[in-house]
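The values are calculated or read from the model by the stated rules, or taken from the named source; none is laboratory data. Note that the coordinates shown come from a computational prediction; the quantities given were computed from them, not determined experimentally. Here the Cβ is made from the backbone with ideal geometry for all residues, glycine too, and neighbour counts use every protein chain on show. Only protein heavy atoms, including side chains, enter the accessible area calculation; ligands, DNA and RNA are left aside. Shrake-Rupley method; radii C 1.70, N 1.55, O 1.52, S 1.80 Å.
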Amino acid sequence: GAVVSQHPSWVICKSGTSVKIECRSLDFQATTMFWYRQFPKQSLMLMATSNEGSKATYEQGVEKDKFLINHASLTLSTLTVTSAHPEDSSFYICSAAGLAGITQYFGPGTRLTVL
Amino acid sequence: AQSVTQLDSQVPVFEEAPVELRCNYSSSVSVYLFWYVQYPNQGLQLLLKYLSGSTLVKGINGFEAEFNKSQTSFHLRKPSVHISDTAEYFCAVSDRRGNSGGSNYKLTFGKGTLLTVNP
């Protein structure tokens, strides 16, 4: 149980284009989803927290207009990187927490490369 | 605010040897504690967690951890490692107050410990 999927697993795009990453909880309802960014050989950096049906809460220093998050249902959250640039290249990981919200279950990650 | 310190960035061991990965935390409030494992180019997998009750927690793949409140530690142990245990291990804490404390149970991660098991 507690499986989280992400799609796509990797994506290459041109600078200036937008990329959407999906995060789905497959066997449970996720009241809260989190989006992280991970640079090579580093820990995870929380970008934002989203509760179903509410606006996402962004961490300090994360541009909300650049990283659009939508959590429209209890099983799906999306992260859209708008007008992507090479510095946005990274490993993006989502996690989902169930009703109690205490334990986060992570997706497999999405490798974004912006050329 | 919370912080997590993983004292060793790299731990090399031989196959079938015991291993301990150290984790200390600081927090002004009570916390929940977690260990996650990350294999190359993959997401994080939950190894084990301490929420309440017995301070010795058993997880998947033969790992266990002990919560020591007085030493604010949550060290991860395995009595005999396998080559397949080679991975990055992250210790994390979250605020017990959760939504009432405005944290949404956000996780604070350590910097990770790379466990390398050699034949």
* **Net length gained if the chain between A:Ile102 and A:Leu26 were fully extended (0.36 nm per residue, minus Cα distance)** => 25.6 nm
* Asked: Peptide B:106-117: average number of partner chain Cβ atoms within 10 Å per residue?
  -> 3
* Asked: What's the FRET efficiency of B:Glu15 with B:Asn68 using the Cβ-Cβ distance as r and R₀ = 30 Å, to the nearest 0.05?
  -> 0.60
* Given H placed 1.01 Å from N in the peptide plane, which residues other than close sequence neighbours of B:Leu114 have an amide H under 5 Å from its amide H? -> B:Gln10, B:Val11, B:Tyr89
* **Translational D in µm²/s for the protein assembly as shown (Stokes-Einstein at 25 °C, 0.890 mPa s, Kirkwood Rh from C-alpha pairs)** => 135
* Asked: Under 17 Å from a point 7 Å along the Cα-to-Cβ line of A:Ser83: which residues of segment A:8-28 have their amide N that close?
  -> A:14-20
* Asked: Pick from A:Thr17, A:Thr32, A:Thr82: which is most flexible by mean-square fluctuation in a GNM of chain A where alpha carbon atoms under 10 Å apart are linked?
  -> A:Thr17
* Derived scalar couplings ³J(HN,Hα) [segment A:63-71; Karplus, 6.51 cos²θ - 1.76 cosθ + 1.60; whole Hz; x for Gly, Pro] -> 7, 5, 7, 8, 10, 8, 10, 10, 10
* Using θ = phi - 60° and the Karplus relation 6.51 cos²θ - 1.76 cosθ + 1.60, list the HN-Hα couplings for segment A:34-47 in order, rounded to whole Hz, with x at every Gly or Pro. => 10, 10, 10, 10, 10, 8, x, 6, 10, 7, 7, 10, 5, 9
* Asked: Which shape class, rounded, prolate or oblate, goes with chain A when its Cα gyration tensor gives a ≥ b ≥ c as root eigenvalues, a/c under 1.5 marks rounded, and past that a/b bigger than b/c marks prolate?
  -> prolate
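With a 1.4 Å probe, what is the total accessible area buried between chains A and B, in Å² rounded to the nearest 100?
For A against B, buried area totals roughly 1600 Å².
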* To do: Starting from the Cα of B:His82, step 7 Å toward the Cβ, then list every residue of segment B:1-39 with an amide N under 12 Å from that point.
  => B:16
* Specify whether the C-alpha gyration tensor of segment B:36-105 places it in the rounded, prolate or oblate class, a ≥ b ≥ c being the square roots of the eigenvalues: rounded for a/c under 1.5, otherwise prolate if a/b is larger than b/c and oblate if not. => oblate
* Asked: Gap in Å between the Cα centre of segment A:22-52 and the Cα centre of segment A:71-100?
  -> 6
* Structure fact -> Relative contact order as a percentage, chain B, C-alpha pairs under 8 Å and 6+ apart, gives 36
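Given a Förster distance of 30 angstrom, what is the FRET efficiency for B:Thr5 paired with A:Asp65, based on the Cβ-Cβ distance and rounded to 0.05?
0.30
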* Asked: Hey, how many Å between the Cα centroid of segment B:1-17 and the Cα centroid of segment B:66-89?
  -> 8
* Where in chain B lies the longest segment free of GluC sites (Glu not before Pro) that are both loop residues by DSSP (not H, G, I, E, B) and have at most 14 other Cβ atoms within 10 Å? -> B:17-119
* To do: Could you tell me which trypsin sites (Lys or Arg not before Pro) in segment A:1-100 are loop residues by DSSP with no more than 11 other beta carbons within 10 angstrom of their beta carbon?
  => A:Lys14, A:Lys41
* **HN-Hα J in Hz across segment B:16-24 - Karplus 6.51, -1.76, 1.60, θ = phi - 60°, x for Gly and Pro** => 6, 7, x, 9, 10, 10, 8, 9, 10
* Asked: Using Cα-only point scatterers and the Debye equation, what is log10 of I(q)/I(0) for segment A:39-91 at each q in 0.15, 0.19, 0.26 Å⁻¹, rounded to two decimals?
  -> -0.46, -0.72, -1.13
* Asked: So which lysines can B:Lys69 reach, going by Cα to Cα under 26 Å and dropping same-chain residues fewer than 8 places off?
  -> B:Lys49, B:Lys58, B:Lys78, B:Lys106, B:Lys111
* Calculate the mean, over all residues of peptide A:29-37, of how many other protein chain Cβ atoms lie within 10 angstrom of the residue's Cβ. => 2
* **Two-decimal Rg/Rh across chain B, once Rg and the Kirkwood Rh are taken from alpha-carbon atoms** => 0.97
